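Notes to accompany the following structure.
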Amino acid sequence: MAPRSIAVLIEGDGDYDAVPLLVRNIAGAKTFYDLKVGTKPIKVGDAHAILKSEKFVRLFEYAITRDDIDAILIAADCEDYCPIEAVQEVYKRVRQITDRIKKPVGVAFFCREYETMFLTNADHLATKSKSIILDPKKLPQNIDFLTVRNAKGMLKGIISTNTYKETRDQARLTGAMDVERCSATYRPLAHLINVIEWLYSWDGSRHLY
């Protein structure tokens, strides 16, 4: 049976509301109306922790063995890691568990930060966000935002209302996005959409994506 209840493993406090909301918005855009985030998000740490720490493996095994969970989504900033290499390393770390438990696991890294997605779609968000006023004209011209390491700092520089606070504003800007439109300018979002589609239609033939 294809998964309908996903456990989301996230990096930290700022992602706690934003990533599940993003998953729900993708599910809605794809008309996967019976897909749900089946438990509170589980904070597993940053990319370094995901790739190196034993705590991540313990939390992953806890999540995947829950009876109320059909699938796992791991979503975090890739920071300075290569996203492709990071995904492959996660596969190595969890493969023995997934081979035993036999539930699907999707991995999506935001390059370089979650907020990079907002920078690449600043013009769109400036017309959609109600509570946060953005001025995209303040952004540098002719820049590849996927190479910007301090995306949060750059985002703060174009916000006219207060300043940027992850635990408050990450979910607000996420809610303002048209996910399918934004995926055209931010490749990691397109990958996340593919991951959600794979989890929803999982046929049991493989356990990692």
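Pairs from the table (Lys36/Lys130; Lys30/Lys130; Lys40/Lys137; Lys52/Lys128; Lys52/Lys130; Lys40/Lys103) lying more than 28 angstrom apart at Cα are Lys40/Lys137; Lys52/Lys128; Lys52/Lys130. Within the chain, the longest run free of exposed loop sites, counting trypsin sites (Lys or Arg not before Pro) that sit outside DSSP helix and strand states (H, G, I, E, B) and have at most 13 other Cβ atoms within 10 Å, spans 1-101. Counting only aspartates and glutamates at least 8 places from Lys55 when in the same chain, those with an alpha carbon closer than 12 Å to its own are Asp46. When a/c reaches 1.5 or more, the comparison of a/b and b/c decides; with that in mind, is the chain rounded, prolate or oblate per its Cα gyration tensor? Since a/c reaches 1.5 and a/b is larger than b/c, the shape of the chain is classed as prolate. Using the Cβ of Leu189 as centre and a radius below 12 Å, the other residues enclosed give a net charge of 0, where K and R count +1 and D and E count -1.
Which of the listed residues, Ile64, Val37, Ala190, is farthest toward the dipole's positive end in segment 5-200, when Lys, Arg count +1 and Asp, Glu count -1 at the beta-carbon? The residue sitting farthest along the positive end of the dipole is Val37. The stretch between Lys128 and Asp203, if pulled fully straight at 0.36 nm per residue, gains 23.3 nm over its current Cα-Cα span.
By the rule of a C-alpha distance below 19 Å, with chain neighbours fewer than 8 residues away ignored, the lysines paired with Lys102 are Lys92. Using a cutoff of 8 angstrom between alpha carbon atoms and counting only pairs six or more residues apart, the relative contact order for the chain works out to 28 percent. Between amide H atoms placed 1.01 Å from N, distances below 5 Å from Ile74 occur with Leu9, Gly106, Val107, Ala108, all of them 5 or more places distant or on a separate chain.
Every number here is computed from the coordinates shown, using simple stated rules; none is lab data. Predicted model, so just to flag it, every value in this text is computed and none were measured. No Cβ is skipped: glycine too gets one built from the backbone with ideal geometry, and neighbour counts run over all protein chains shown.
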